[in-house]
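All remarks here apply to the structure that follows.
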Amino acid sequence: MNERTLLRDNVADIAAYFAAGGWRPLKKALSMGRAAVIAEVTASGLRGRGGAGFPTGRKWSFVPQDAQGPRYLVCNADEGEPGAFKDRELLRRNPQAVLEGMAIAGYAIGASLGYIYIRGEFSAEAEFLTAAITAARAKGFLGANILGSGFDFDIHLHRGAGAYICGEETALLSSIEGLRGQPRLKPPFPAVKGLFGAPTVVNNAETLAAVPSILERGAAWYASTGSPDSPGTKLFCVSGAVNRPGVYELPLGVPFRELLETHCGGMKDGRKLKAVLPGGASSPALTAAEAMAVNMDYASLAAAGSMLGSGAVIVIEEGRCMVELLGVLARFYRHESCGQCAPCREGCAWADKLLAGLEAGRGRPSDVETLRSCAAAMTGRTICPLADSLALPALSFISKFRAEFDAHAAGRTCRAAGGGRLA
Amino acid sequence: MAYFDEEFLAKAEKVCARYPRRGAALLPLLGQVQKEKGFIPEEAMDELAAFLGVPRSRVSAVAGFYTMLRGSPAGKYHIQTCRGIACHMAGGPALSAALARKLGIEEGGTTPDGLFTISSVECLGACGSAPALLVNGRYFENMDEAALDALLDDLRHGRLERR
Ligand SMILES: Cc1cc2nc3c(=O)[nH]c(=O)nc-3n(C[C@H](O)[C@H](O)[C@H](O)COP(=O)(O)O)c2cc1C
């Protein structure tokens, strides 16, 4: 399976999606029964594409099958991590696959209502999705008694309003409930007590879009691509100093070198690679040598000391100042910290302040060590991992590019070019 | 309800019907107010609290939490430049500086004629087509100074809709 199943061409319209075989997997799922659907998705090895890589079939199986009352299925299309722009592309190019994946997932967990949480800025995509939902309802793929099966499932859009933290699943649930988007302690996990207190599955849009083809062609077919621990294809969104930035659907396990050189056309204007954030702004940096040797899958990136995360690959070229770039990340996390947990609220603010000082040449020699210990004190101490999302890149930047930090701390201005010029 | 008209309330009732609890309609309705009024007035919050049956304090807390919901109106065109890492590397800071210079205002400011407000925003999720900016919520991507000049010219002539 070296073909694209997510970003297929010309399936944005429901008629074209149907002509290409779409909405038949739902019909098949409805005839298989819930347990068999969950078993098939589990056997495929599909892992969540929202960042944590949790096995999708297993997550669905956590919903108590005997629980009374409603259950909910939530599609996470909040896409807020710097470097990530894959779900936006997916929603534009293949919205029906996301809706069909939601219907299949909803059937599997016994939900009759699903919500798509879409980031507030994506207003064009929200309109497009609303039309896609209306079209699917009109064809009888959503709504009451779908395809005469007795299964009811409908989908509503819930638009965010500018808060990265609402991508975290429990904050997202709070946000749908009409509260501030603040993460909640787990357990209880959403599968047991989620939206409106009912069992809920939250899956990333890309995860859900992979489901119809798994049902259509089977778990074995799906698992035949990618690597054993990371089956299937993944949307890699590449930004930074490459000739062809963009979203690429490729088998998991693709070498970074191939992604860069073959798909992205190499480094922009022959610049040299310096570092890569392989899994978005929350992933530890890899040096050029580490990146050129790594394969893009969950296990390989973990072994290299980083992570696949959301598949947002940020490419940094030689000449960039790592102190400045870490400062950009710290400013982001400071702004997006919900403020609930002290290590995150204070840690992000302190890191931002230290980095702004270092960047401006107002640093002191002790600042680098202070920054390092600040980052170290932010890991694993909070309700959600937003603090870790700054701490882990920070620790990697400092350990791998220490000389730049020390030079700044000694008051020397950086020779690396900043972002202050138009590329 | 003196602030909201019949039409708004009819629409709002439909939004409530999407959720098992009325209170869940709070964020979509605040979004609707933001869209129609350009900010979230106090009276709107008073009436939303009553309409949804949620505490008034929750309405202000929620309105204050989300950056797209404003406490005061912006200029006719609100230009928001992205300051995410990809836009930063693609010249975002220079683009923001050029914008401020051309309009003669600082970040967060509004031109005296009320035509433009400028601010920077966190990553817009357009990293593959950086640098990006929003004008009244619409994306403009792969920006450079020439594209910015053309955009400002169009906006000065009221041509956002035609773009
Ligand atoms: C701060 C933070 C932000 C997150 N943002 C997103 C997001 O924008 N989209 C997303 O799908 N998952 C996001 N996640 C992960 C979700 O919490 C959750 O794990 C995911 O939606 C589960 O879907 P999956 O199992 O299909 O990956 C975020 C997590 C954290 C801690």
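The values are calculated or read from the model by the stated rules, or taken from the named source; none is laboratory data. All values derive from a computational prediction rather than experimental measurement. Because the Cβ atoms are built from the backbone with ideal geometry, glycine has one as well, and the counts that use them run over all protein chains shown. When the accessible area is computed, the model is the full protein with side chains, heavy atoms only, and any ligands, DNA or RNA have been set aside. Shrake-Rupley method; radii C 1.70, N 1.55, O 1.52, S 1.80 Å.
Tabulated data for the structure shown
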quantity: Flag for A:GLU258 being farther than 25 Å from A:PHE397 by Cβ and touching a Lys or Arg at 6+ places or on another chain (Cβ under 6 Å); calculated: no
quantity: Residue match in the range B:21-37 (condition: among the polar types (S, T, N, Q) and open to solvent by 70 Å² or more (accessible area, probe 1.4 Å)); calculated: no
quantity: Search result, residues across the range A:374-399 that are within 12 Å of A:ALA281 (Cβ to Cβ), within 13 Å of the ligand (Cβ to nearest atom) and in contact with a Leu (Cβ under 9 Å, 6 or more places away or on another chain); calculated: A:SER389, A:LEU390
quantity: The range A:43-60, residues that are in a helix (DSSP H, G or I) and within 13 Å of the ligand (Cβ to nearest atom); calculated: A:THR56, A:GLY57, A:ARG58, A:LYS59, A:TRP60
quantity: Enumeration of residues in the range A:104-115 that are within 16 Å of the ligand (Cβ to nearest atom), more than 14 Å from every other protein chain (Cβ to nearest Cβ) and in contact with a helix residue (DSSP H, G or I) (Cβ under 8 Å, 6 or more places away or on another chain); calculated: A:ILE104, A:ALA105, A:ALA108, A:ILE109
quantity: Qualifying residue in the range A:195-209 (condition: more than 16 Å from the ligand (Cβ to nearest atom), surrounded by fewer than 24 Cβ atoms within 10 Å (Cβ to Cβ) and within 17 Å of the chain's Cα centre (by Cα)); calculated: no
quantity: Members of the range B:81-110 found to be crowded, with 24+ Cβ neighbours inside 10 Å and assigned to a strand (DSSP E or B), listed by number; calculated: B:THR81, B:CYS82
quantity: Residue in the range A:15-25 that is touching a residue at least 12 places away in the same chain (Cβ under 8 Å) and at positive phi present; calculated: yes
quantity: Search result, residues across the range A:113-148 that are open to solvent by 10 Å² or more (accessible area, probe 1.4 Å) and either in a loop (DSSP other than H, G, I, E, B) or not assigned by TED's automatic domain parsing to the domain that holds A:ASN204 (or both); calculated: A:ARG119, A:GLU121, A:LYS139, A:GLY140, A:PHE141, A:ALA144, A:ASN145
quantity: The range B:13-38 residues that are more than 10 Å from every other protein chain (Cβ to nearest Cβ), paired with ones that are outside any helix (DSSP H, G or I) (beta carbon under 6 Å, 6 or more apart); calculated: B:VAL33/B:ILE40; B:GLY38/B:PRO73
quantity: Residue in the range A:83-93 that is within 12 Å of the ligand (Cβ to nearest atom), touching a strand residue (DSSP E or B) at 6+ places or on another chain (Cβ under 7 Å) and open to solvent by 10 Å² or more (accessible area, probe 1.4 Å) present; calculated: yes
quantity: Test: residue in the range A:10-32 that is within 11 Å of the ligand (Cβ to nearest atom), modelled with pLDDT of 95 or more and part of a loop (DSSP other than H, G, I, E, B); calculated: no
quantity: Segments classed as strands (runs of 3 or more DSSP E), wholly inside the range A:169-268, with at least 1 members that are within 14 Å of chain B (Cβ to nearest Cβ) and at positive phi; calculated: A:233-240, A:246-251
quantity: Filter result (surrounded by fewer than 19 Cβ atoms within 10 Å (Cβ to Cβ) and more than 18 Å from B:PHE65 (Cα to Cα)) within the range A:347-359; calculated: A:TRP350, A:LYS353, A:ALA356, A:GLY357
quantity: Flag if A:THR370 is part of a loop (DSSP other than H, G, I, E, B) and either modelled with pLDDT of 95 or more or in the same structural domain as A:GLU290 (by TED's automatic domain parsing) (or both); calculated: no
quantity: Criterion (under 30 Å from A:ARG244 (Cβ atoms) and within 25 Å of the chain's Cα centre (by Cα)) met by exactly one of A:GLY347, A:GLY339, A:GLY305; calculated: A:GLY305
quantity: Qualifying residue in the range B:111-122 (condition: over 20 Å from the mean Cα position of the chain (by Cα) and open to solvent by 20 Å² or more (accessible area, probe 1.4 Å)); calculated: no
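Quick grid of which residues meet (1) in contact (Cβ under 8 Å) with a residue 24 or more places away in the chain; (2) within 15 Å of the ligand (Cβ to nearest atom); (3) open to solvent by 20 Å² or more (accessible area, probe 1.4 Å):
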site: A:ASP152; (1), (2), (3): yes, no, yes
site: A:HIS156; (1), (2), (3): yes, no, yes
site: A:ALA161; (1), (2), (3): yes, yes, no
site: A:ARG180; (1), (2), (3): yes, yes, yes
site: A:PRO183; (1), (2), (3): yes, yes, no
site: A:VAL192; (1), (2), (3): yes, no, yes
